[in-house]
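Scroll down for the structure; my scribbles are underneath it.
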Amino acid sequence: MSNCDQHECEPKSSVTARIGEFLVKYKYAIAATGVLGMSAISGLMNADHGWNEVQHAAVNQMIHSGISAASLIKIHEVLARKVRTLTQECIPIVVPAVLTTSVCYLIHKLGIPYLREPSSEPALSTLPTAVVIAIIMPIYHIAHRSRSMSEKMRTLFKQ
């Protein structure tokens with residue numbers, strides 16, 4: 001027989017689990033901050049081309065970063081649920097990152113009829129997105145997995 005109440009018997013969350021819980025809980029606010037940051041970077045990269053180009057680049061970046069961020073979160077969550085082995089852990093990281101970078105490059109290369117002209121330097125314009133995605137996706141995946149793992153551990157200890 002145990003004298004501990006429910007909270008005393010549960011394992012304490014590690015720092016990684018707490019960070020994971022924060023990142024997953026506030027994922028949309030973090031994504032919005034990333035969208036604004038990417039828009040600022042895009043605008044600054046076009047500072048040599050004049051104010052109109054800065055505004056154009058920043059607004060376009062905001063639009064497709066917002067769409068990408070929302071899509072990325074959903075794609076990752078769907079793929080992460082299907083992971084069963086350690087070798088499959090890279091799938092929810094790599095697939096959304098490659099999709100986002102590819103779509104970004106195509107938008108910069110081909111443009112969007114009536115909305116966006118093709119970029120003069122599509123590879124350079126895609127570079128910030130590729131770098132940010134390469135950093136963000138593994139962090140988000142680890143946070144997402146640590147949260148789901150800590151929830152599973154809590155469920156185990158409650159039984």
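Search region 23-44 for residues being farther than 23 Å from Ala57 by Cβ and part of a helix (DSSP H, G or I), and hand back the single one that is farthest from the chain's Cα centre (by Cα).
Of all residues in region 23-44, those farther than 23 Å from Ala57 by Cβ come to 23-29.
This time we only want the ones that are part of a helix (DSSP H, G or I), so: 23-25, 27-29.
Details: Leu23: 10, Val24: 10, Lys25: 13, Lys27: 8, Tyr28: 9, Ala29: 11 Å.
Ranking the qualifying residues of region 23-44, first place goes to Lys25.
Hey, any hits in region 47-69 for a residue that's outside any helix (DSSP H, G or I) and at pLDDT below 80? Show your work before the answer.
From region 47-69, those outside any helix (DSSP H, G or I) are 50; that's our starting set.
If we keep only those that are at pLDDT below 80 too, we end up with none.
No: region 47-69 contains no residue that is outside any helix (DSSP H, G or I) and at pLDDT below 80.
Does Thr100 fit the bill of being in contact with a Phe, Trp or Tyr (Cβ under 6 Å, 6 or more places away or on another chain) and assigned to a helix (DSSP H, G or I)?
Working: in contact with a Phe, Trp or Tyr (Cβ under 6 Å, 6 or more places away or on another chain): no; assigned to a helix (DSSP H, G or I): yes.
Taking the combined requirement at face value, the residue does not satisfy it.
Criterion first (within 17 Å of Ser125 (Cβ to Cβ), of a type outside the set (A, V, I, L, M), part of a helix (DSSP H, G or I) and out of contact with any strand residue (DSSP E or B) (no Cβ under 8 Å at 6 or more places or on another chain)) does Lys74 satisfy it? Outline the logic, then answer.
Working: within 17 Å of Ser125 (Cβ to Cβ): no; of a type outside the set (A, V, I, L, M): yes; part of a helix (DSSP H, G or I): yes; out of contact with any strand residue (DSSP E or B) (no Cβ under 8 Å at 6 or more places or on another chain): yes.
In short, no.
Are any of the residues in region 80-99 at pLDDT 80 or above, within 30 Å of Ala47 (Cα to Cα) and of a type in the set (Val, Ile, Thr)?
Yes, region 80-99 contains a residue that is at pLDDT 80 or above, within 30 Å of Ala47 (Cα to Cα) and of a type in the set (Val, Ile, Thr).
May I ask you to list the residues in region 91-133 that are surrounded by 14 or more Cβ atoms within 10 Å (Cβ to Cβ), free of Cβ contacts under 8 Å to residues at least 60 places away in the same chain and among the small types (Gly, Ala, Ser)?
Answer for region 91-133, where residues must be surrounded by 14 or more Cβ atoms within 10 Å (Cβ to Cβ), free of Cβ contacts under 8 Å to residues at least 60 places away in the same chain and among the small types (Gly, Ala, Ser): Ala97, Gly111, Ser119, Ala130.
The values are calculated or read from the model by the stated rules, or taken from the named source; none is laboratory data. Since we're looking at a predicted model, the values are computed, not measured. Because the Cβ atoms are built from the backbone with ideal geometry, glycine has one as well, and the counts that use them run over all protein chains shown.
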